[in-house]
Amino acid sequence: MLLNNSFILKRKYSPGVFAALLLLTCLFFYKSGYGQKKDNSFLTALRKAPAKVILSDGSSASSLIAIERKWQGDLCELSVKNNSTSPVTIREVVVFDFQHQLPDTTKLYGEGFQKLGQMGGTLGKPEDWGTYTDRNHYKIPEPEDMRTAYGMFTLQLQNNNRVLLATTSCNKFISRFSFDAKRLRISLDCENLKLQPGESWNLEEFMAISGNDREILYDRLTAAIAKHHPRLKHDPVPMGWCSWYCFGPGVTAKNVADNTNWIAGNLPQLKYIQIDDGYQPWMGDWLEKGKAFGGDVEEVLKGIKAKGLEPAIWVAPFVASPESALFKNHPDWFVKDEAGKPLRSDKVGFGGWRLGPWYVLDGTHPEVQKYFTELFQTMRQKWGCTYFKLDANYWGAIHGGVHYDKKATRIEAYRRGMQAILKGAGDAFIVGCNHPVWASLGLIHGSRSSMDTWRKWESFRNIGRENLLRGWQNGRLWWNDPDCILLTDGGATDIMDQAGKAADVKNQTPKLSENEYLFHATTVYASGGMLLSGDDLTKITPARLKILKKLMPPTGTAARFKNEKFEIGITRLRNQTVYSVFNWGDMPVERRIKLPEGKYKLINKWTGEKLGVFEKEYVIKSLLPHSARLIICQKIGITGQ
């Protein structure tokens, strides 16, 4: 009865309301510069696009399984209801599916499901801009094998006009934007859950907006998201030190103590001292000490507090090693495979970068939620931690598993687990790392916005772009964490990358130039986000320490860019404007900074050099390869910050 190929698409409009909405939409297109016929036709075609419900066997549901798209201006409430007398198992709901009629050269940007995935390029030739893809590395299935972005998708149309499509909530379902050179298919993954007779699901809120200013579009998106997922505020922007990039998993109690003593005596503004991966014997056994650490981690953390600094610690709460006591003692707490056994994550995706293959704690299980709360209560109240870096959070939303709560999606599993963690962590700062981006809305204070940084030019370039692509999130959704600032040569000799391969940083990495270090520092400044040093500060030189101090405190304001070339970024502060000027290439380039009306004094922030007084424009005739300038711009007669 429910397997024929038709469906009902309801639109609840009175003629008067519809006319009013149409008029408002036309006025917006006109004022935003999006009034060209071809551009306007894209959003018109999207609104008219067909929708359908796909059942678990791949067939389309009957007309009794009704999708509703209820537009209110640029926002659309999406829902599906079972009007039949029998339950149905739904694989996905395709809410828009149409031939987009755009050139295959149309530029795009899309978010990844997890933070290591980003997508750029064009509709005809998409490019993976993130370090590790959802599609290949994490093996997340994509609808009809089409290239897919998650949560948010933008298209750059004619005359620099842009379209931004997104879901402004992520409580139960993740939105997917699948495309090729001719087609756009927007769907919600329903994970083969059963929709009971008379039951309806809210499929999240959808937004479709357009305009010629990318930053204004992002402003509108984040404002809409805030209505569903209010930002967790934790001020000021954190500053601190992290053990990973100088000591890796071989970190010892002495390494931490030495840097704690140096920071307490020389740079106490770096108040959060974060012990990263390496203190624990196995993933999952977070309250035990590893043999190599050489000290009681609880006592080391208390020693940090005794120096007037704040103890911070790395935890990967959703995963456990097969050798861990947690996994051995509580196998029923883990996400299951189809046979009812704990799901090995490498059977459906990536198995983890160290001490794996990992198993995944089930956030829908009441005992797991209790465990999360008690674990973080211990670390917060007994150990004194006021900062938690939560890594491997993606696994909390892993695909292909069976949960304790059979009515829950993987998004709900992750969010319930995170809510239990927040309950235990109390007033501590929470930064998400390797996390599902959209599913983390409203659940973290800080968000790692890139892959790990390495001491080589290619990393500084690629990670810099990853961070700037997400600059719009900083201060709007959370504080961005652009990863550690690295200012010294060499580092840990046994750091694992995301593919699980050891990297001999000290012996294999060529020495970086001063320009490349300043390029890296400029991307960190332009991010406007958190500031954590990743160097062994007991060995930092006075010249490099001077650069670190110039980054303090973080502005909290991300630079705003015209487009994704990221050539000139503008950070507007209270009494001055700062320009971040980049050369990402291998040849010298000219850069022209357009100045507002009036006379301005320009200063090179890194060197302190006074560049002079300028009107209308400042030209850098030859910006060297792999370099950046950070230029303070002060209007004559106004004292800078």
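The calculated pair-distance distribution of the range 132-236 uses every alpha carbon pair, bins of 10 angstrom beginning at 0, and gives 13, 35, 36, 15, 2 percent. The value of relative contact order for the range 285-421, using C-alpha pairs under 8 Å at least six residues apart, is 30 percent. Summing +1 for each Lys or Arg and -1 for each Asp or Glu among the other residues whose beta-carbon sits under 12 angstrom from that of Arg185 gives -1. Let me make sure I get this right: for the range 58-110, a, b and c are the square roots of the gyration tensor eigenvalues over alpha carbons, sorted descending. Under 1.5 in a/c it's rounded, otherwise prolate if a/b > b/c, else oblate. Which is it? The shape class here is prolate.
Straight-line reach from Lys423: which aspartates and glutamates have Cα under 15 Å away, leaving out those fewer than 8 places along the same chain? Qualifying aspartates and glutamates at Cα under 15 Å: Glu367, Glu374. For the range 240-550, the relative contact order works out to 19 percent when only alpha carbon pairs closer than 8 Å and six or more residues apart are counted. For the range 568-635, the percent of C-alpha pairs falling in each 5 Å distance bin, counted from 0 to the bin holding the largest distance, reads 4, 17, 28, 29, 14, 6, 2, 0. For the pair the range 82-122 and the range 594-626, the centres of their Cα atoms are 44 angstrom apart.
Percent of Cα pairs in the range 240-550 per distance bin of 10 Å, from zero to the largest separation: 6, 28, 36, 23, 6, 1.
Counting charges near Leu545 (Lys, Arg +1; Asp, Glu -1) among other residues having Cβ under 14 Å from its Cβ returns a value of +3. I'd like the distance between the alpha-carbon centres of the range 542-589 and the range 359-404, rounded to an integer number of Å. Distance between centres, Cα-based: 36 Å.
Per residue, the average separation of C-alpha pairs within less than 8 Å and at least 6 apart gives the chain a relative contact order of 11 percent. In the range 9-228, inverting the average of 1/r over every pair of distinct C-alpha atoms gives 18.0 Å as the Kirkwood radius. Beyond 18 Å in Cα-Cα separation lie the following of the pairs Lys172/Lys227; Lys289/Lys382; Lys289/Lys539; Lys562/Lys594: Lys289/Lys539.
Going through the cross-link list Lys546/Lys621; Lys291/Lys347; Lys565/Lys601; Lys52/Lys407; Lys271/Lys550, which pairs have a Cα-Cα distance over 19 Å in this structure? Long pairs (Cα-Cα over 19 Å): Lys546/Lys621; Lys291/Lys347; Lys565/Lys601; Lys52/Lys407. Only Cα sites of the range 428-493 enter the Debye sum here, all with the same form factor; the resulting log10 I(q)/I(0) across q = 0.17, 0.24, 0.26 1/Å is -0.62, -1.02, -1.13, listed in q order. Taking the centroid of alpha carbons for each part, the range 208-239 and the range 406-441 are 19 Å apart. Ordering of 575-586, 114-125 by packing is 114-125, 575-586, highest average first (other Cβ atoms within 10 Å, averaged per residue).
Coordinate-derived values only; no laboratory data. These numbers come from a predicted model, not from an experiment. Here the Cβ is made from the backbone with ideal geometry for all residues, glycine too, and neighbour counts use every protein chain on show.
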